[in-house]
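The values are calculated or read from the model by the stated rules, or taken from the named source; none is laboratory data. Predicted model, so just to flag it, every value in this text is computed and none were measured. Every residue, glycine as well, gets a Cβ built from its backbone with ideal geometry; the counts of neighbours run over all protein chains shown. Surface areas here come from the heavy atoms of the whole protein model, side chains and all, with no ligands, DNA or RNA. Shrake-Rupley method; radii C 1.70, N 1.55, O 1.52, S 1.80 Å.
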Amino acid sequence: MTTPPGPAGGAGFLAHGMGKALVEPDWPPLTAEEVSAVLSRYRLPGGTAVVRWRSPRPMSAAALVRCGAAEVFVKRHHVLVRTAGQLAAEHALAGHLRALGVAVPAVLCQADGTTTVASGDYRYEVHARAEGIDLYRDALSWSPFTHAAHARAAGAARGAGAPGPPGGAGRGRPPRGGGTPGAALARFHRASESFGLPERPPGVLISSCAVVTAADPLAAVARLAARPGLAGYLGKRRWRDDLTRYHLPAIREIAPLLPRLRRLWGHGDWHPSNLTWTAASPGADVAAVIDLGLANRTFAAHDLAVAIERSAVGWLDLADAGQAGVDVPAVDALLDGYQEVRPLGRAELGAIAALLPVVHVEYALSEVEYFASVVRSPENADLAYDGYLVGHARWFTGPDGLALLGHLRQRAGRPPAVP
């Protein structure tokens, strides 16, 4: 296996970083020649491949590509980040959701039925273009919804009628036809409950609930810390002390609720830029759901806590100003919209508040592993550990974090909403 590349450059192309500034991408941007070779493996109309837009997300290389009359979304992963088997689980979930009417990207198959292309140390996947307008495609991670109404739509689609044709991770075209309902988290969960694959095993840039549901959370982290890519880094950190102080109190609060939380596959990364929209207006509905890269078998409260953590707290301001604002109306809109479609029981509502300070633990550790061993960026590994793994949990012990948790606990005392 070749050594993974460092900063990729690429004719001035910049990607999102760990903060607010744009940075050199971790991986070389996709080229027209490269995607042409990949698309030649698929049954697509002939034509020269033209890269129309490159995704600024940093941990893979992706682009919207026109090939003849077709427009598709091509994504490239290093094999140290995603194997063909890991991608197959994501593609199986996408197929299951689509069969049940959830608007998610259509994964393209080659003539032999496979959904990935291998070339050296890279694995490629191709999706049809997503329906809808990508209002948040340039938004940084942890950016909030621009309107509370969008948060409500992200919780539950308000439209009626049969689902329109789901697209891929492409961007920019309004949905075809009228009456197409938005895809939303509650409908996602109602469909994913019947998806039968087991939990994905630990890996680089993979989320889970393995630590927060473990009888011995420190032992669970120790098992993760035995992974070669993570062992060297965590061996230099006082991670047992940090988790005991900032994470274990919340995990202990979750434990008695776990028997009443039914497992299902969650999206794992529910935030505004992983959704496309029916219009550019505040009253827009969700048109499609994209990017199942962090999907895993968790439970509904876990996915809701992820959705709040990703979009309702101003984490990017924490490093600069020492404070992170909370968008409480967006939290309420998201949960109210969700309960219009899938009412939550008291245990689920209580678990959201308990999970919120620690819902990021497993992914943060996998991000540390990515920076420490895949792209070999010690500075970003430190940011992932100090600012993300520990910093986010520590914030919930301060006044703003405690106020948000108190608000969620107050909500948990209310009767479930009537659909």
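So, R0 is 56 Å and r is the distance between the beta-carbons of Asp320 and Ala32; what FRET efficiency does that work out to, to 0.05? Spell out each step's value before the answer.
On the way: r = 38 Å, r/R0 = 0.68.
FRET efficiency, Asp320 to Ala32: 0.90.
Where does each of 375-387, 40-52, 305-317 land if you order them by average Cβ count within 10 Å, highest first? Provide the component values of the computation, followed by the final result.
Working: 375-387: 17.6, 40-52: 14.0, 305-317: 22.5.
Per-residue Cβ counts within 10 Å, averaged per peptide and sorted highest first, yield 305-317, 375-387, 40-52.
Using label points projected 7 Å from each Cα along Cα→Cβ, tell me how many nm separate Val79 and Arg227, to one decimal.
1.8
Could you please state, rounded to a whole Å, how far the C-alpha centre of the range 250-280 is from the C-alpha centre of the range 88-120?
22
For Asp382 and Ala214 in one chain, what is 0.36 nm times their gap in residues minus the Cα-Cα distance, to one decimal in nm? Spell out each step's value before the answer.
On the way: separation 168, 0.36 × 168 = 60.48 nm, distance 2.54 nm.
Taking 0.36 nm per residue and subtracting the Cα distance, the gain is 57.9 nm.
If r is the Cβ-Cβ distance from Thr146 to Leu402 and R0 is 22 Å, what FRET efficiency results, to the nearest 0.05? Numbers along the way, then the final one.
Details: r = 27 Å, r/R0 = 1.22.
Here the calculated transfer efficiency is 0.25.
Return the FRET efficiency for the residue pair Leu100, Leu258: r is the Cβ-Cβ distance, R0 is 22 Å, and the value is rounded to the nearest 0.05.
Numbers: r = 27 Å, r/R0 = 1.21.
For R0 = 22 Å, the calculated efficiency reads 0.25.
Could you order Glu33, Glu348, Glu131 so the one with the most accessible surface comes first? Probe is 1.4 Å. Each step should come with its number before you reach the end.
Numbers: Glu33 140, Glu348 30, Glu131 10 Å².
Result of the area sort, largest leading: Glu33, Glu348, Glu131.
Which order do the peptides 359-365, 336-342 come out in when sorted by mean C-beta neighbours inside 10 angstrom, highest first?
Working: 359-365: 24.9, 336-342: 20.9.
Sorting 359-365, 336-342 by mean packing, highest first, produces 359-365, 336-342.
Might you work out the accessible area of Thr116 for me, using a 1.4 Å probe with all protein chains in place, and round it to the nearest 10 Å²?
Estimated to the nearest 10 Å², Thr116 gives 30 Å².
In the range 285-403, carbon and sulfur make up what percent of the accessible area (probe 1.4 Å)? Write out the running numbers ahead of the final one.
Numbers: 1650 of 3190 Å².
For the range 285-403, the apolar C and S fraction of the accessible surface comes to 52 percent.
What spacing in nm lies between the two simple spin-label points modelled at Glu193 and Thr244, each 7 Å away from Cα in the Cβ direction?
According to this spin-label approximation, the distance is 4.1 nm.
Over the range 342-419, with the other protein chains present, what is the accessible area per residue in square angstrom, probe 1.4 angstrom? Write down the numbers at each step before the final one.
Numbers: 2740 Å² over 78 residues.
Result: 35 Å² per residue.
With a probe of 1.4 Å, find how much accessible area the range 191-314 has per residue, and write the answer as a whole number in Å².
Details: 4460 Å² over 124 residues.
Ligands and nucleic acids excluded, the figure is 36 Å² per residue.
Classify the range 18-129 as rounded, prolate or oblate, taking a ≥ b ≥ c as the square roots of the eigenvalues of its Cα gyration tensor: rounded when a/c is under 1.5, otherwise prolate if a/b is larger than b/c and oblate if not.
Numbers: a/c = 1.44, a/b = 1.17, b/c = 1.23.
Rounded, since a/c falls under 1.5.
Keeping every protein chain in place, order Cys209, Cys109 by accessible area at 1.4 Å, biggest value first, i.e. largest first.
Values: Cys209 0, Cys109 60 Å².
Ranked from most to least accessible, the order is Cys109, Cys209.
Show me 273-282, 74-83 ranked by packing, highest mean number of other Cβ atoms within 10 Å first.
Final packing ranking: 74-83, 273-282.
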